Amino acid sequence: MNTAELNGKWLVIVNVFAASRKAGSIWKKAAALMEAEGISYEVKYTGGRYNATELAHKACEAGFRRFVAVGGDGTVHDVMNGIAGCADVNGLRLSDFTIAVIPLGSGNDWVKSFGISKNMKAAVGLLKDAHTVRQDVVKVSLQDPAGNDTDVRYMANVAGIGLDARVCEIVNRKKEQGYRGKKLYVSALLYCIRHRVPVSAKVICDGKVVFEGKYLSMAFGTGRYSGGGMRQTPLAVPDDGLIDVTIIPELPMSVIARKVIRLFTGTFHKVTQLTQARCSEVVVLPYSQADKEPLEVDGEVIGRVPARFVVLEDQINVVVPQALS
């Protein structure tokens, strides 16, 4: 089939490891709903020869332009990376692609910014009319000593450096051991705060230095929610062409204890001690080798800074409830 023939067909990518490895069986209910609605689709499963990123990339090259991620935030991230990576490498327009989700993850943070229901029937119902809005995609690259980009990823939601990434390392390890639930993020956050080790970096936004010195954590978002409902970038707008940056400097434990609740109330931006910025490009430079903190992108720890974030010129289409389209 060519691209024109596939325009109306969805490529469904099912992450069999989502929902405590029950996504494969849960998907069958969604498949029945899609068939009842007359929705044309083809399905691919992870866990075999290819993961979700590779499946999406290959489907993009084969001509698919509409994708459904069945799983949680990690599945959305992987599918987005397959699409954006294929488009970037092959000079395709990202705006020709559409992504939808049937949320089966423990956090499901990405969908919150778009008002997408976790109810399966409602999520499948969105595919029938496929009302869409545009969303920014951010290219995130580690950098070598010469400043060249390496280890590229594409951000759909929120990335973090420092304490934030260390939390992700713990949560990912716990998930591999079979643990689930929002308490994972909270307990990991509290542990990392208690055992925090401030490091130093310079942050450059659109060519201007906005921060220099010791910090605990940095967040970079096009979405508002991460870590099971935390809002490190609570004012982020998914389609404004900008990255919301929140930097937590080194603070006394007493201040952290008083302010941490704001991460969950949507008022974190009101903490006066923070450094906040909006820009289309961000570069984070550690002061020394000892300051090379881990970097996570949508929950995937990809390496250590230095790093660069750039909003792509084109945007992807996201299937949302009609009220938002």
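The values are calculated or read from the model by the stated rules, or taken from the named source; none is laboratory data. Quick caveat: nothing in here was measured; it's all calculated off a predicted structure. All Cβ positions, glycine included, derive from the backbone under ideal geometry; neighbour counts span all protein chains shown. Side chains are part of the model used for accessible areas, which takes the heavy atoms of the whole protein and leaves out ligands, DNA and RNA. Shrake-Rupley method; radii C 1.70, N 1.55, O 1.52, S 1.80 Å.
Expressed as a whole percentage, what fraction of the accessible surface of the chain belongs to carbon and sulfur atoms when a 1.4 Å probe is rolled over the protein heavy atoms?
Working: 7060 of 14250 Å².
Answer for the chain: carbon and sulfur cover 50 percent of the accessible area.
Our coupling estimate for the stretch 125-136, obtained by passing each phi through the Karplus curve with A = 6.51, B = -1.76, C = 1.60 and θ = phi - 60°, is x, 5, 6, 5, 8, 6, 6, 10, 10, 8, 9, 5 Hz, Gly and Pro reported as x.
Based on protein heavy atoms only, the chain ends up with 44 Å² per residue of surface accessible to a 1.4 Å probe. Report summary: the helix-based calculation at 222 nm, which adds -39500 (n - 2.57) for every DSSP H run with n ≥ 4 and divides by the residues of the chain, gives -9000 deg cm²/dmol. How far apart, in nanometres, would the label points at Gln289 and Ser40 be if each is projected 7 angstrom from Cα along the Cα-to-Cβ direction? Output for this residue pair reads 5.8 nm. Charge tally for Val310 (other residues, Cβ to Cβ under 13 Å; Lys, Arg +1; Asp, Glu -1): -4.
Start at zero, step by 10 Å, and the Cα-Cα distances of the stretch 83-171 spread as 13, 35, 34, 15, 3, 0 percent across the bins. Helix 52-62 and the longest principal axis of the Cα set of the chain meet at an angle near 50°.
With the convex hull constructed from alpha-carbon coordinates only, the chain shows a mean projected area of 16.1 nm² over all directions. Anisotropy class assigned to the stretch 1-141 is rounded, per the alpha carbon gyration tensor with a/c under the 1.5 cut-off. In this structure, Thr265 and Ala62 have a Cβ-Cβ separation that, at R0 = 30 Å, corresponds to a calculated FRET efficiency of about 0.10.
Expressed per residue, the C-alpha convex hull volume of the stretch 167-219 stands at 97 Å³. Residues whose amide H falls under 5 Å from that of Leu216, counting only those 5 or more places apart or on a different chain, are Ile248, Glu250, with hydrogens built in the peptide plane.
Rounded, prolate or oblate: which one fits the stretch 109-214, using the alpha carbon gyration tensor with axes a ≥ b ≥ c (rounded when a/c is under 1.5, else prolate when a/b beats b/c, else oblate)?
Numbers: a/c = 2.37, a/b = 1.32, b/c = 1.79.
Oblate, since a/c reaches 1.5 and b/c is not below a/b.
For the pairs Lys208/Lys270; Lys202/Lys270; Lys58/Lys112; Lys22/Lys44; Lys9/Lys121, flag any whose C-alpha to C-alpha distance is greater than 21 Å. In this structure, Lys208/Lys270; Lys202/Lys270; Lys58/Lys112 exceed 21 Å between Cα atoms.
Rounding to the nearest 10 and keeping the result within 0 to 90°, find how far the Cα-based axis of helix 163-176 lies from the longest principal axis of the chain. Around 40 degrees separate the two axes. Shape class of the stretch 38-85 from the alpha-carbon gyration tensor: rounded, with the ratio a/c of largest to smallest axis under 1.5. Seen against the Cα atoms of the chain and their longest principal axis, helix 73-90 is set at about 80 degrees. Measuring nothing but how far apart in sequence close Cα pairs (under 8 Å, 6+ apart) lie, relative to its length, the chain scores a relative contact order of 21 percent. If r is the Cβ-Cβ distance from Lys22 to Val310 and R0 is 30 Å, what FRET efficiency results, to the nearest 0.05? Approximately 0.20, to the nearest 0.05.
Restricting to Cα atoms and excluding each atom paired with itself, what does the Kirkwood estimate give for the stretch 197-325 in Å?
Working: mean 1/r = 0.0638 Å⁻¹.
Radius from the Kirkwood sum: 15.7 Å.
What net charge is computed for the residues neighbouring Ser288, neighbours being all others with C-beta under 13 Å from the C-beta of Ser288, Lys and Arg scored +1, Asp and Glu -1?
On the way: positive: Lys202, Lys214, Lys292, Arg304; negative: Asp291, Glu293.
Summing Lys and Arg as +1 and Asp and Glu as -1 gives +2.
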